[in-house]
Amino acid sequence: MKMSSQEFLNWDSKSLTLLGMSGAGKTTLSSKLPQEKWFHYSGDYRIGTKYLGEPILDNIKQQAMEVPFLKDLLLSDSIYICNNVTVENLAPVSSFLSKLGNPNLGGLSLAEFKRRQALHYHAEVAAMLDVGDFIHKAEGIYGYKNFINDAGGSVCELDNQVVLDHLAEKTLIIYIRTSPEQEQTIINRAKSSPKPLYYREAFLDEKLTEFMQENNYPDTNSIPPDEFVTWVFPELFRSRLPRYQSIADQYGYTLDASDVAQVSNEEEFIQLIAAAIDQQTT
């Protein structure tokens, strides 16, 4: 969606999509907007509760069945298991994605890893295509005039034109661009605490081959899971930056993360976007 700054300011029911890497400030920014006026849609939360809810539970139950005490209780329906995905706690989604590598260290086989990656892909596509319906629900049912879609960091990896067209039709897309210093901070944080991630299959295949050759691993079951995630994250991060920028250039606008970090209230955020529209309108 493209518009003039005045059209944006006059837009009575604003609907925005925030793009950027985890750590760029999307969720922090959303939390600064008045909760009574803005409906906060988390793509990752929707993925975990709606589209991966059953696979996540199946994974947890499978792990529990390895413990004889829990197995007996589950089989006799003496206990039940549920996950507790929240906007602030997406650990069940991460635990389901898991990491590729040595099963003795908690890693997954390549086939199982790719199966889960594919499930996440379809879940993320579906969650983004739900945005239009949730904009309608947010106002029609709950009375929210404004809507913000805090999209997952991997939206730029989907290579799905239908998703981009839908988000561009229903929302104003805003890419929060990090500075080189912020990028290094995010990379260092990821290295110190490696977390499961979604990868495009072509990217995964290319980088996995490179990693295994560089480290002389004969097969994926020999890889320490954290080692691959730590090695590949800077490559993934840098590959995503031009993808975000391309989406913003074609469909929306770009804000610098350092400017976003200075925002303290709704009015400052609105004015920051309006200024960006003026600067980036061709």
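The values are calculated or read from the model by the stated rules, or taken from the named source; none is laboratory data. Because the structure is a prediction, the values reported are computed rather than measured. Methodologically, a virtual Cβ is constructed for each residue, glycine included, from the backbone with ideal geometry; neighbour enumeration extends over all protein chains shown.
Key figures
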read-out	value
Only one of Lys32, Lys71 that is of a type in the set (Lys, Arg) and closer than 27 Å to Ser154 by Cα	Lys32
Residues of the stretch 35-47 that turn out to be within 17 Å of Leu129 (Cα to Cα) and out of contact with any strand residue (DSSP E or B) (no Cβ under 9 Å at 6 or more places or on another chain), as a count	2
Residues located in the stretch 49-75, provided they are of a type in the set (A, V, I, L, M, F, W, C), modelled with pLDDT of 90 or more and within 26 Å of the chain's Cα centre (by Cα)	Leu52, Ile56, Leu57
Residue in the stretch 256-274 that is free of Cβ contacts under 8 Å to residues at least 60 places away in the same chain, assigned to a helix (DSSP H, G or I) and out of contact with any helix residue (DSSP H, G or I) (no Cβ under 9 Å at 6 or more places or on another chain) present	yes
All positions within the stretch 1-59 that are among the β-branched types (Val, Ile, Thr), assigned to a helix (DSSP H, G or I) and over 17 Å from Ala123 (Cβ atoms)	Thr27, Thr28
Of residues in the stretch 98-115 being over 22 Å from the mean Cα position of the chain (by Cα) and assigned to a loop (DSSP other than H, G, I, E, B), the one surrounded by the most Cβ atoms within 10 Å (Cβ to Cβ)	Gly101
Matching option when the condition is modelled with pLDDT of 90 or more, assigned to a loop (DSSP other than H, G, I, E, B) and among the small types (Gly, Ala, Ser), among Ser78, Ser95	Ser78
Output for the stretch 186-215, where each listed residue is in contact (Cβ under 8 Å) with a residue 12 or more places away in the chain and not in a helix (DSSP H, G or I)	Pro194, Lys195, Pro196, Leu197, Tyr198, Tyr199, Arg200
Where a residue in the stretch 133-159 is in contact (Cβ under 8 Å) with a residue 24 or more places away in the chain and its partner, wherever it lies, is β-branched (Val, Ile, Thr) and part of a loop (DSSP other than H, G, I, E, B), with Cβ under 9 Å and at least six apart	Ile135/Thr171; Phe147/Thr171; Ile148/Thr171; Asn149/Thr171; Asp150/Val87
Residue among Lys207, Lys170 that alone is touching a helix residue (DSSP H, G or I) at 6+ places or on another chain (Cβ under 6 Å) and surrounded by 19 or more Cβ atoms within 10 Å (Cβ to Cβ)	Lys170
Condition met for Glu183 (part of a helix (DSSP H, G or I) and farther than 19 Å from Lys114 by Cα)	yes
Boolean, Glu169 is in contact (Cβ under 8 Å) with a residue 40 or more places away in the chain, of a type in the set (Asp, Glu) and assigned to a helix (DSSP H, G or I)	yes
All positions within the stretch 89-119 that are closer than 19 Å to Thr27 by Cβ and in contact (Cβ under 8 Å) with a residue 60 or more places away in the chain	Ser94, Leu97
Residue list for the stretch 178-206, restricted to those being touching an Asp or Glu at 6+ places or on another chain (Cβ under 8 Å) and under 15 Å from Val155 (Cβ atoms)	Tyr198, Tyr199, Arg200, Phe203
Any hit, the stretch 131-147, residues being surrounded by fewer than 13 Cβ atoms within 10 Å (Cβ to Cβ) and farther than 28 Å from Ile270 by Cα	no
